[in-house]
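Working notes, structure below.
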Amino acid sequence: MSEAKIFGLVGQAMQMIGAVGKDSRNQQQGFQYRGIDAVMNALNPVMAKLGLFMTPEVLEQTREERQGRNGGNLLYSVMKNRYTLYAPDGSNVSCVVVGEGMDSGDKASNKAMSIAFKYAAFQLFCIPTEEMVDPDAECHDVLPRNATKSSDK
């Protein structure tokens, strides 16, 4: 394809998509987050106007059972997904992202796909956020894999 329209259309979409703020609240743990609905609501009118559409493809998936704080079973799903964005002329661009989801019912994979899609969209379109915390702003003290805390001995 001599002239890939997708690259120009991604640039146009970036100009048209507004900021997506942390307008949803996780009641259980008390934090604000950017919900998948807010991302889709920001993307849909822009993608529809420009004739863009995106397809998901699950490349890898692992699932395991874990135990929740209250003793119930939780399903934990990690998915590596490829999202391909297409322009009306068939030109496309892909990105691969990992999503993780945990649920006590049947929605662990749905949650993993939602997270993967949300971050694929944020990174592909450089969607502005009201205040994005840089991952370098936080650090964790981590024990080596086989080490135990002194209080565990």
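Can you grab the distance from the C-alpha centre of the range 64-99 to the C-alpha centre of the range 22-39, Å, no decimals?
Computed from Cα coordinates, the inter-centre distance equals 18 Å.
What does the charge count around S104 come to, taking other residues whose C-beta lies under 15 Å from its C-beta (Lys +1, Arg +1, Asp -1, Glu -1)?
Local charge sum for S104: +1.
Tell me the net charge near V58. Cut-off is 15 Å between Cβ atoms, V58 excluded, with +1 for each Lys or Arg and -1 for each Asp or Glu. Walk me through the intermediate numbers first.
Details: positive: R63, K80, R82, K111; negative: E57, E60, E100.
Computed value for this residue: +1.
For the range 31-82, which whole-number percentage of the solvent-accessible area (1.4 Å probe, protein heavy atoms only) is attributable to carbon and sulfur atoms?
48 percent
7 Å from Cα along Cα→Cβ at both E60 and A4: what's the point-to-point distance in nm?
For the pair E60/A4, the computed spacing is 2.4 nm.
Taking a 1.4 Å probe, which of Y119, Y83 shows the most accessible area, and what order do the others take after it? Please list the in-between numbers first.
Working: Y119 105, Y83 10 Å².
Greatest to least solvent exposure: Y119, Y83.
So for the pair S24, A38, with labels modelled 7 Å out along Cα→Cβ, what separation do we get in nm?
Label-label distance for S24 and A38, simple model: 0.9 nm.
Modelled label-to-label distance, Q15 and L143, 7 Å Cα→beta-carbon offset: nm?
5.5 nm
Please give the FRET efficiency for N70 paired with Q123, using the beta carbon to beta carbon distance and R0 = 35 Å, rounded to the nearest 0.05.
The value I calculate is 0.50.
Going by a ≥ b ≥ c, the root eigenvalues of the Cα gyration tensor, does the range 22-134 fall in the rounded group (a/c under 1.5), the prolate group (a/b larger than b/c) or the oblate group?
Cα axes put the range 22-134 in the oblate bin.
Might you report the magnitude of the Cβ-based charge dipole of the range 1-93 about its Cα centre, with Lys and Arg at +1 and Asp and Glu at -1, to the nearest 20 debye?
320 debye
The values are calculated or read from the model by the stated rules, or taken from the named source; none is laboratory data. Everything numeric here is computed off the predicted structure, so don't read it as measured data. Here Cβ is always computed from backbone atoms with ideal geometry, including for glycine, and neighbour counts include all displayed protein chains. The protein model used for the area step is the full one, side chains on, heavy atoms only, and it has no ligands, DNA or RNA in it. Shrake-Rupley method; radii C 1.70, N 1.55, O 1.52, S 1.80 Å.
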